[in-house]
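Derivation of every value follows stated rules applied to the coordinates shown; laboratory data play no part. All values reported here derive from a predicted model rather than from experimental measurement. Virtual Cβ from ideal backbone geometry, glycine too; neighbours counted across all protein chains shown.
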Number of protein chains: 2
Amino acid sequence: MATIQDVARAAGVSPMTVSNVINDHPHVKSSTRAKVVKAMEELDYRVNHAARNLRAGRTFTIGLAVPEFDRPFWGHFATRVIEEAAAYNLRVLVEQTGRSKENEINALALSRNRMYDGLILSTVGLSAGDANMLRVDYPVVILGERIFSGPVDHVAMDNVDGAKAATAHLIERGCRRIAAVMGPMGTDPDASSLRYAGYLQALETAAIGSDSSLHVTINEFTLKGGREAVDRLLHAGTHFDGLFCATDTVALGALRALHEAKLRVPEDVKVIGFDNLEEGEYSIPALSTVDPDSTDMARTAVKLLVQRISGESPEREPLEFISSVRVIARGSTAAS
Amino acid sequence: MATIQDVARAAGVSPMTVSNVINDHPHVKSSTRAKVVKAMEELDYRVNHAARNLRAGRTFTIGLAVPEFDRPFWGHFATRVIEEAAAYNLRVLVEQTGRSKENEINALALSRNRMYDGLILSTVGLSAGDANMLRVDYPVVILGERIFSGPVDHVAMDNVDGAKAATAHLIERGCRRIAAVMGPMGTDPDASSLRYAGYLQALETAAIGSDSSLHVTINEFTLKGGREAVDRLLHAGTHFDGLFCATDTVALGALRALHEAKLRVPEDVKVIGFDNLEEGEYSIPALSTVDPDSTDMARTAVKLLVQRISGESPEREPLEFISSVRVIARGSTAAS
DNA sequence: TTGTATGCGTTATCAA
DNA sequence: TTGATAACGCATACAA
């Protein structure tokens, strides 16, 4: 592949002049420029980013590390981040961590290695004990709860409040036996434990006792997980008239299982999810949900990252942004 | 950020020795190694990939450029590619082209610039006229129809055959007025035009005349697009008892619109999509579809790319791999 | 077993 | 207006 040297030789000028042409520097005679351009075309020259980045010390690229691609939530979110980053002329490269601590650390290292100018990292595998991994001196924005002490900006959604509002909505629509489908409870305040806390708070506010048989734990927030949760409830003979699912994807799986069990939604059971996926608008029945305003989260994450990258307010204390949430009522919780 | 030089100085050795330690070279005395490791830890040293790549001439990273993240199909596909690439110790960076020719060319350029060792590129914006863009001398695998003449491997699915089988399935289940929801027909053989061709072939085989009022064109393969297509059919008063949708996502949107119009699926209208998304297994009713075996496509794409990267069979003619398709019958086309 | 010299492709600086 | 030099950080070849 042709280099600047090759072009320079072909055009009979110095490499520096070629560089000046490439970068649109002002003081190049137009006849010289023409020669160089011609040589570039003939040799089909392309800049080598590795070399340019090495020289520039930055890459004009940010990384986005998400747990899983094939969850609609992350697909949507990545699209939003790309849109926001485009406004700053930043390219976004997305990678998958598969929820593993190792891969999350790898993503951090890549950033550190100046492959990216900064990184937006969704932490699932990392726990409070790994906080020192985040004591880094390059731009990072964490997506997730503030479980780290390092000088790192966080962007999160109000999980407790959202779950509380969702549960209160079910109660308001007449439910009294509300099952909660959540992930395993860890020691760190992850989405599951926070949403479960919000659920319990809402029950308490309404003076409805909690019942551990209504708490179903699944290992993955998938369609399959949602189906299995309902199957387990039914198999155990647990009576429930409301279902709060950790995510919309789980809720969509639950809708299917309820349908197969000949339980009507919303007449027999009312269902609400969390995330406001577009898919929920189209399901049958349409899915009530909690909108975490992921557009706002994406915009803020990029904005905070750009601030760190550009060195504005370098002294700024680590910031935590919590996007506001609101319940969106659809058919799955309609009055019956 | 600390460099090899800094570590060398701190450890009282030469930079080369540090490099040897980093890369696990054999001939390093263990006491020296210990000193270096200690210095690396104290300075929190991390390799600079830009420099290493510049030196190595490769990056152990491949690019995957997809049209859109927030389509389940591409989310699934990206996940498969990442799994396959992991077997070759290749990292995958995913970027979005937004279906634009410009971004597709950009992705090519990045690859070219040795940011990636190779690129898997889904072409939507590029057309036959841009074939010369693909006359490149670095590893590229195109996802999509063989509309380019360059020395490039292609991985595609059998769109015609899949569409034909889907339509034949509807006919076999008793449909006679089958609507087709497709994208705009371009001059190049894209997914839409190929699937439409397969649809027409199946009608012809069954000696069913085609009716242009049954051909609905939408601009985006989205849930919204599917809903609008059905609304347009109903608004025009077109009678139909079968619906073949360009993608599962479109079909899911159509299911919703049919439900709102009080048309029963499969009793009044039978619906089939294309892609075999997991979502279709869980919709109500479950969605019949065409499975393009995207796992096989991902595996083949990575395999072909790795062959080109490693320089095996460099003389090999450009290959075209067409994954086989099969109809998966579910509730939306159940006999009624 | 360790170190020196060199170059990967680019661009900033400064001199011509 | 153009060019020589040097440096970004790393690793290969070879010397010591």
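Summary table
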item: Furthest towards positive pole of dipole, B:258, B:180, B:192, structure part the range B:159-291, Cβ charges; result: B:258
item: Anisotropy class of chain B from Cα gyration tensor, a/c 1.5 cut; result: prolate
item: Label geometry 7 Å along the beta-carbon vector: residue A:38 inter-copy distances in nm; result: 6.4
item: 5 angstrom amide H check on residue A:320, placed H, neighbours 5+ away; result: A:154
item: Label 7 Å beyond Cα on the Cβ vector: residue B:58 copy-to-copy distances, nm; result: 3.2
item: Whether the range B:159-291 is rounded, prolate or oblate, judged on the alpha carbon gyration tensor where a/c under 1.5 counts as rounded; result: rounded
item: Least to most buried among B:332, B:213 (fewest other Cβ within 10 Å first); result: B:213, B:332
item: C-alpha long axis of helix A:294-310 to longest principal axis of chain A, angle in °; result: 40 degrees
item: J(HN,Hα) series, the range B:171-184, from Karplus relation 6.51 cos²θ - 1.76 cosθ + 1.60, nearest Hz, glycine and proline x; result: 5, 4, 8, x, 6, 10, 10, 9, 7, 10, 9, 10, x, x
item: Other-copy label distances relative to residue B:99, 7 angstrom Cα-Cβ extension, nm; result: 3.3
item: Cα gyration tensor category, rounded, prolate or oblate, for the protein assembly as shown with a/c compared to 1.5; result: oblate
item: Cβ neighbours within 10 Å from other chains - mean over B:41-50; result: 5
item: Order of B:40, A:157 - criterion: other Cβ atoms within 10 Å of each residue's Cβ, fewest first; result: B:40, A:157
item: Spin-label zone in the range B:176-197 - amide nitrogen under 14 Å from a point set 7 Å from the Cα of residue B:219 along the C-beta vector; result: B:183-185
item: Which of A:322, A:142 has the fewest Cβ neighbours within 10 Å, and the rest in rising order; result: A:322, A:142
item: Candidates A:241, A:268, A:70: whichever shows maximal mean-square fluctuation once chain A is modelled as a Gaussian network with Cα springs under 10 Å; result: A:70
item: 0 to 90° range, to nearest 10: angle between helix A:101-112 axis and chain A longest Cα axis; result: 30 degrees
item: Max mean-square fluctuation residue, GNM over chain B, Cα-Cα springs under 10 Å, options B:280, B:225, B:98; result: B:98
item: Cα long-axis angle, helix A:30-43 against chain A (0 to 90 degrees, to the nearest 10); result: 60 degrees
item: Sum of -39500 (n - 2.57) over DSSP H runs of 4+, divided by residues of chain A (222 nm, nearest 500); result: -13000 deg cm²/dmol
item: Karplus 3J(HN,Hα) series, Hz, for the range B:49-62 with 6.51 cos²θ - 1.76 cosθ + 1.60 (x for Gly, Pro); result: 5, 4, 5, 5, 5, 4, 5, 6, x, 8, 10, 6, 9, 10
item: Derived scalar couplings ³J(HN,Hα) [the range A:330-335; Karplus, 6.51 cos²θ - 1.76 cosθ + 1.60; whole Hz; x for Gly, Pro]; result: 10, x, 5, 10, 4, 4
item: Under 5 Å, built H, 5+ apart or other chain: amide partners of residue B:119; result: B:63, B:140, B:141
item: Mean-position separation - Cα centroids, the range B:271-336 and the range A:1-72, in angstrom; result: 38 Å
item: Among B:125, B:75, B:12, residue whose mean-square fluctuation peaks in a GNM of chain B (springs only between Cα atoms under 10 Å); result: B:12
item: Residues residue A:55 and residue A:234, FRET efficiency given R0 of 41 Å [Cβ-Cβ distance, rounded to 0.05]; result: 0.05
item: Other protein chain Cβ atoms within 10 Å, averaged over every residue that makes up A:250-262; result: 2
